[in-house]
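A.B. asks: Got a structure for you, questions after.
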Amino acid sequence: MRDFGLRPGKAQERDGIVSWDLRADGRRRRSIPITVILAPGLGCVVWIPFAPPLSDEFRKSYRRLLRWNEEYPFVKFGVTEDERPVLSAEVLMDEIGQERLGETLARCIAVCDLLSDEIARWLATEPPTRARSASATALLDRFADRLGELVAPG
């Protein structure tokens, strides 16, 4: 991840599963929280808490997440038990490599950028963070040719 200009935190291990937390600035959305989870023998998941927990308009928001699942087939939207929207993407173990992980991270950050206006109201309720972010612009530029309409060259 460091090769892409990102700054992951110290690896955390639990029951043989390793995870790294980081924050990245997209072109539009800043300080995107990202967790990369590696389960040996299974694969890797890029997991992004996409917005704070949903409030009273849950049905409308849930329909929006379902629509995005149709529109963006290489990422998945879901809702956690505390009603927090999440964005994730999976990489199978036999596909894991630097290029594939970089492309997956770029795809997730590009989707966050693309949908930043649509979720601005959700993000307005999230408390500010002092966590440091790394710019993901170079990562987005590096994989722009694989992301199609998700990203416009910088």
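A.B. asks: Hey, does the range 43-51 have a residue that's surrounded by fewer than 16 Cβ atoms within 10 Å (Cβ to Cβ) and aliphatic (A, V, I, L, M)?
C.D. replies: Taking the range 43-51 as the starting set, the residues that turn out to be surrounded by fewer than 16 Cβ atoms within 10 Å (Cβ to Cβ) are 43.
Cutting the leftovers down to aliphatic (A, V, I, L, M) gives us none.
No.
A.B. asks: Turning to a different aspect of this structure: Tyr62 fails exactly one of the following numbered conditions: (1) of a type in the set (Ser, Thr, Tyr); (2) in contact (Cβ under 8 Å) with a residue 40 or more places away in the chain; (3) assigned to a helix (DSSP H, G or I). What is the number of that condition?
C.D. replies: (2)
A.B. asks: With respect to the numbered conditions (1) within 21 Å of Ala51 (Cα to Cα); (2) in contact with a strand residue (DSSP E or B) (Cβ under 7 Å, 6 or more places away or on another chain); (3) surrounded by 13 or more Cβ atoms within 10 Å (Cβ to Cβ); (4) modelled with pLDDT under 90, which one is the sole condition not fulfilled by Ile96?
C.D. replies: If we test Ile96 against (1) within 21 Å of Ala51 (Cα to Cα); (2) in contact with a strand residue (DSSP E or B) (Cβ under 7 Å, 6 or more places away or on another chain); (3) surrounded by 13 or more Cβ atoms within 10 Å (Cβ to Cβ); (4) modelled with pLDDT under 90, just (1) comes out false.
A.B. asks: I'd like the full set of residues that are touching a Phe, Trp or Tyr at 6+ places or on another chain (Cβ under 6 Å) and of a type in the set (Asp, Glu), limited to the range 85-127.
C.D. replies: Glu103
A.B. asks: Looking at (1) without any contact (Cβ under 8 Å) to a residue 12 or more places away in the chain; (2) under 18 Å from Leu150 (Cβ atoms); (3) of a type outside the set (Val, Ile, Thr), can you tell me which one Phe50 breaks?
C.D. replies: (1) is the only condition that Phe50 fails.
A.B. asks: Considering only the range 46-65, state which residues are over 18 Å from Glu126 (Cβ atoms) and modelled with pLDDT under 90.
C.D. replies: Arg59, Lys60, Tyr62, Arg63
A.B. asks: Collect the residues in the range 122-131 that are surrounded by 10 or more Cβ atoms within 10 Å (Cβ to Cβ) and either modelled with pLDDT of 85 or more or of a type in the set (Gly, Ala, Ser) (or both), keeping them in residue-number order.
C.D. replies: Going residue by residue through the range 122-131, those that are surrounded by 10 or more Cβ atoms within 10 Å (Cβ to Cβ) are 122-123, 125-126, 129, 131.
Result: Ala131, single match.
A.B. asks: On to the next question. Condition first: among the charged types (D, E, K, R), in a strand (DSSP E or B) and over 16 Å from Val91 (Cβ atoms). Can you find one or more residues in the range 23-32 that meet it?
C.D. replies: Yes.
A.B. asks: Could you list, in sequence order, the residues of the range 99-137 that are touching a helix residue (DSSP H, G or I) at 6+ places or on another chain (Cβ under 7 Å) and part of a helix (DSSP H, G or I)?
C.D. replies: Gly102, Glu103, Leu105, Ala106, Arg107, Ile109, Ala110, Val111, Leu114 - these are the residues of the range 99-137 that are touching a helix residue (DSSP H, G or I) at 6+ places or on another chain (Cβ under 7 Å) and part of a helix (DSSP H, G or I).
A.B. asks: Among the candidates Ile32, Ile37, Ile119, which residue alone is under 25 Å from Leu6 (Cα atoms), modelled with pLDDT under 90 and either of a type in the set (Val, Ile, Thr) or surrounded by 12 or more Cβ atoms within 10 Å (Cβ to Cβ) (or both)?
C.D. replies: Ile119
A.B. asks: Could you go through the range 82-93 and let me know if any residue there is farther than 25 Å from Leu6 by Cα, loosely packed, with under 12 Cβ neighbours inside 10 Å and not hydroxyl-bearing (Ser, Thr, Tyr).
C.D. replies: yes
The values are calculated or read from the model by the stated rules, or taken from the named source; none is laboratory data. This structure is a prediction, so every number in the text was calculated from the model and none was measured. As a convention, Cβ positions derive from the backbone with ideal geometry for all residues, glycine included, and neighbour counts pool all protein chains shown.
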